[in-house]
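To keep things clear, I will list the structure first and then write my remarks on it.
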Amino acid sequence: MVETLSIAVIGAPGVGKTSIIRQFIYNDFSEVYTPTRTRYVYRPSVILNGNMYDLKILDVPPISSFPSSSSQEWLDLRCRGVRNANAYILVYDICCVESFEYVKMIRQQIMEHREGSSSEVPILVVGSKRDLQRQRFMPRRAVSVLVKKTWKCGYVECSAKFNWHVVLLFKELLGIAVGRGMKQNHTPGIRLQGALQRNRCTVM
């Protein structure tokens, strides 16, 4: 039986959420920015330690706040399925401090309002647009220490444009999820097989 893991990808406008997802699934990147206006669901498959999982990746449009209740979640079409996601990827632009403040706010609200246990939910903070690192607002190490030590979240930087660390960030998130008991027969190391095209997988 294949288990489904729901992952919500959240971030401020223009941080590159959709580009990261599409690079991971389709090995595709577009230079043209198209704002995410509605929630979109992607369904790739991955293999962890010989076990296959179907991922339900929610590309969430920019939201003013994390839904504080089930009724609020279902009243806003953009938020459906967000409160009970199995894991979260919070994306910010390493060149934009406002996008980092947005991630900081959303992460705090997840801890306060998520359906079920918030302390155990895997959260990965992702610094996007690493190819523009000369314009970054804060050194990588400073952000990493804050996110890992204070927020107790995972941290990865990536470049969707150059497909740098895109697969790694999903490996990192799945590693956190497995480590926190989503799968009891956890063994060290993860083998990831991503769906690069519809109905087709390529071994990484």
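The values are calculated or read from the model by the stated rules, or taken from the named source; none is laboratory data. Predicted, not measured: the structure shown is a model, and the values here were computed from it. A quick note on method: Cβ atoms are made from the backbone with ideal geometry, for glycine too, and the neighbour counts reach across all protein chains shown. Only protein heavy atoms, including side chains, enter the accessible area calculation; ligands, DNA and RNA are left aside. Shrake-Rupley method; radii C 1.70, N 1.55, O 1.52, S 1.80 Å.
Restricting the calculation to Cα atoms, the range 1-65 yields a radius of gyration followed by a Dmax of 13.1, 39 Å.
Using the membrane-span-like helix rule (whole DSSP H runs, Cα extent along the own axis of at least 20 Å, mean Kyte-Doolittle hydropathy at least -1.0), which helices of the chain qualify?
Numbers: long enough: 97-113 (24 Å, -0.42).
The qualifying helices are 97-113.
With the convex hull of the Cα atoms taken as the outline of the chain, the averaged projected area works out to 11.2 nm².
For the range 131-174, chymotrypsin sites (Phe, Trp or Tyr not before Pro) meeting the loop criterion (DSSP other than H, G, I, E, B) and having at most 12 other Cβ atoms within 10 Å: F162.
Counting only DSSP beta bridges with both residues in the chain, what percent are antiparallel, rounded to the nearest 5?
Here the antiparallel bridges make up roughly 35 percent for the chain.
Solvent-accessible surface of the chain, averaged per residue with a 1.4 angstrom probe and all protein chains in place: 51 square angstrom. Summarise the accessible area of the range 31-93 (1.4 Å probe, protein heavy atoms) by the percent that is carbon and sulfur. The nonpolar share, carbon plus sulfur, comes to 50 percent.
Run through the DSSP bridge list for the range 77-170 and note the antiparallel percent, rounded to the nearest 5. Could you put the intermediate results ahead of the total?
Values: 1 of 11 bridges.
The answer is about 10 percent antiparallel.
Our analysis of the range 107-177 gives Rg over Rh at 1.00, with the two radii drawn from alpha carbon positions and Rh computed by the Kirkwood formula.
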